[in-house]
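Just below is one structure, and these are the notes that go with it.
Coordinate-derived values only; no laboratory data. All values derive from a computational prediction rather than experimental measurement. Cβ: placed from backbone, ideal geometry, glycine included. Neighbour counts: every protein chain shown.
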Ligand code: NAP
Ligand code: 8YV
């Protein structure tokens, strides 16, 4: 019988899926330890695998000298130091594809809720304003509106399919034009922001996309426009967004992601209308989280069996 690998769990994921790892590995749960330094010193050397969500710096790899594999629960791996892993000969796997539909569903939920002001309308009733002040304000269409998708990748394409079903006019921006799609391509993000009424961000995080949606882009979306961010918090200049929301230079925003989760910038929390905040939940359904977890399970099995990894990044 093959020996079970030891896995250091840095950050836990969907429990029913994470628990399945115990069938094929011995897991050590660092996040539960009171003294993390002692825990790492004791268990780090016997582990050949780290399990995490988005985050794995070189310093963590350093504490696991026999590391062979990093299991990243999530398609985005902006917090995993890939060059360091590659330098160390460590393989990194992620969980692409199985979450495309779920994240696209969430993007559409935010588009619908943001355009039709569902959250503000709910509060309007609860605070007694319907009886006191009459009907709620008029809002903007979803159908017939122009949506610009920043990142027409695996998830972006699913968002586009859904927007098409809602009879929206679709454009996209990314660094390379896709040869096989009918949607309008914008070489320049600012041009797309000026033309669209809804801008949806679904690109990777990290240094190369930091602050891409800056004050000029936000202003270009405009006073009747909506920004939806299901990408990474770092992609948007959130302080600029807060300023633009406060003085009406952008109509609204719906954000699922933030730069330092679970902290949400105070400047955003202070804004009471035209802003929907959700706690990074775009892939968080039972079914999708189970599928994501099972991709990691299969990759861990591949390590033991010395067969190819299914979702290798480096
Ligand atoms: P993907 O298939 O790799 O697509 C990413 C797209 O972004 C590509 O089409 C790429 O096109 C574009 N892109 C990359 N860098 C860019 C840049 N600097 N400027 C403009 N466009 C750029 O990835 P995916 O599977 O769709 O996932 C996308 C991201 O969504 C993930 O990395 C993750 O951060 C985020 N996400 C969030 C959640 C959530 O819970 N909110 C869930 C899943 C994923 P070019 O290379 O041609 O530019
Ligand atoms: C995460 C995500 O997996 O896949 C991604 O990149 O952002 C999500 O699906 C989830 O937030 C767990 O951290």
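Annotations for the structure displayed:
- Within the option set 71, 152, 110, being in a loop (DSSP other than H, G, I, E, B) and either within 16 Å of ligand 1 (Cβ to nearest atom) or within 20 Å of residue 280 (Cα to Cα) (or both) holds for one residue only, 152.
- The residues in segment 194-222 that are out of contact with any strand residue (DSSP E or B) (no Cβ under 6 Å at 6 or more places or on another chain), crowded, with 19+ Cβ neighbours inside 10 Å and not in a loop (DSSP other than H, G, I, E, B) can be counted, and the count is 4.
- Some residue of segment 234-243 being within 16 Å of ligand 1 (Cβ to nearest atom), surrounded by fewer than 24 Cβ atoms within 10 Å (Cβ to Cβ) and closer than 21 Å to residue 112 by Cβ: no
- Residue 278 within 30 Å of residue 167 (Cβ to Cβ) and within 20 Å of the chain's Cα centre (by Cα): yes
- Taking each residue of segment 273-289 that is at positive phi and looking for partners that are within 8 Å of ligand 2 (Cβ to nearest atom) and part of a loop (DSSP other than H, G, I, E, B) with beta-carbon atoms closer than 8 Å, six or more apart or interchain, yields 280/257.
- Checked against the criterion of being farther than 30 Å from residue 273 by Cβ and within 16 Å of ligand 2 (Cβ to nearest atom), the candidates 83, 96 yield just one match: 96.
- Inspection of segment 57-67 finds no residue satisfying the criterion of being surrounded by fewer than 20 Cβ atoms within 10 Å (Cβ to Cβ), within 21 Å of the chain's Cα centre (by Cα) and in a helix (DSSP H, G or I).
- Conditions (1) part of a helix (DSSP H, G or I); (2) more than 17 Å from residue 104 (Cα to Cα); (3) without any contact (Cβ under 8 Å) to a residue 40 or more places away in the chain; number of the one not met by residue 181: (1)
- Within segment 139-187, being surrounded by 21 or more Cβ atoms within 10 Å (Cβ to Cβ), away from ligand 2 (no atom under 16 Å from the Cβ) and closer than 21 Å to residue 97 by Cβ holds for 149, 152, 160, 163, 172.
- Members of segment 113-134 found to be assigned to a loop (DSSP other than H, G, I, E, B) and surrounded by 13 or more Cβ atoms within 10 Å (Cβ to Cβ), listed by number: 116, 117
- Among residues of segment 74-94 being part of a loop (DSSP other than H, G, I, E, B) and touching a strand residue (DSSP E or B) at 6+ places or on another chain (Cβ under 7 Å), the one that is farthest from residue 280 (Cα to Cα) is 90.
- Filter result for the condition that a residue is over 22 Å from the mean Cα position of the chain (by Cα) and assigned to a loop (DSSP other than H, G, I, E, B), over 175, 249: 249
- Failed item, numbered, when residue 272 is tested on (1) within 11 Å of ligand 1 (Cβ to nearest atom); (2) surrounded by fewer than 22 Cβ atoms within 10 Å (Cβ to Cβ): (1)
- Looking across segment 208-232 at every residue that is touching a helix residue (DSSP H, G or I) at 6+ places or on another chain (Cβ under 9 Å) and near ligand 1 (Cβ under 10 Å from one of its atoms), the one that is nearest to residue 192 (Cα to Cα) is identified as 212.
- Residues that are in contact (Cβ under 8 Å) with a residue 60 or more places away in the chain and touching a helix residue (DSSP H, G or I) at 6+ places or on another chain (Cβ under 6 Å) within segment 236-252 comprise just one, 252.
- Among the residues making up segment 30-56, those that are more than 16 Å from ligand 2 (Cβ to nearest atom), under 21 Å from residue 299 (Cβ atoms) and in a loop (DSSP other than H, G, I, E, B) are 47, 48.
- One residue stands out in segment 1-29 among those that are more than 16 Å from ligand 2 (Cβ to nearest atom) and in a loop (DSSP other than H, G, I, E, B): the one that is farthest from residue 57 (Cα to Cα), namely 1.
Condition check ((1) touching a residue at least 40 places away in the same chain (Cβ under 8 Å); (2) more than 30 Å from residue 286 (Cα to Cα)) across all residues:
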site	(1), (2)
8	yes, no
19	no, no
56	yes, no
59	no, yes
64	yes, yes
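- For segment 205-234, filtered to residues that are closer than 20 Å to residue 106 by Cβ and in contact (Cβ under 8 Å) with a residue 60 or more places away in the chain, the residue that is farthest from the chain's Cα centre (by Cα) is 226.
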